[in-house]
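Values in this text are rule-based calculations from the coordinates and carry no lab data. Keep in mind that what you see is a predicted model, and the values were worked out from it rather than measured. Using ideal geometry, Cβ is built from the backbone for each residue, glycine included, and neighbour counts are taken over all protein chains shown.
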Amino acid sequence: MSEQDRAGMEHPGTDQEPAAGAPTARPDQSSTQLSPPSAGARSALPVERLVAAGQGFSQPQYTENFYETVGGHETFVKLVDAFYDGVADDDVLRPMYPEQDLGPAKERLLLFLEQYWGGPRTYGEQRGHPRLRMRHMPFRVGPQARDHWLQHMRAAVDTLQLAPLHEATLWDYLERAAHSMVNAAD
Ligand code: HEM
């Protein structure tokens, strides 16, 4: 496999993914990096230096990562539950899923998103490097499938009723990731 191919198969959450917003909202920018992303990233933030200089910010606000900030496991379960409720009734998406039972696919998406946003690293332990573009290659992901995926994900994000900044951070990522997963024309 050439280096170019390899790069093309990287998950959007690695080098192609833009930095996701606020200090508290920094996702795992590197799928290969096994330590929590926030530790290194946090220390460079100006606000951390203000805190270090004793200028009055309360610590907990800056030690939580996005996963924790938006409600942890419960929130991500709610997200994927709502999303897969939509997929289950979708004439374009449902036939794409090879397994009769959507449960295992739901679990994979849950574990991936939890890891990406700074939660448990179970996805990596079970599945290895995400390489999501590569993992989607067996499926024909055209603009129509992408739009259906995004439509259900949008509805799922809305059920969370997150603070506007957190919602925008999450949605921005999901939208970009979905666009980067397209591997076919309709
Ligand atoms: C753009 C439209 C998309 C379509 C039509 C699509 C469809 C699929 C299908 C059919 C599978 C196989 C089901 C399974 O066995 O797990 C899958 C797997 C998966 N998808 Fe997507 N997907 C899309 C976008 C995304 C995006 C944007 C993400 C992440 C933000 C994502 C994350 C995953 C994950 C984590 C898996 C399981 C990978 C593994 O095997 O470990 N998908 N997707």
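Points worth noting:
- Working from label points 7 Å from Cα in the Cα-to-Cβ sense, the A185 to R131 distance is 2.8 nm.
- Projected-area average for the stretch 82-186 over all orientations - Cα convex hull basis, square nanometres: 6.6 nm²
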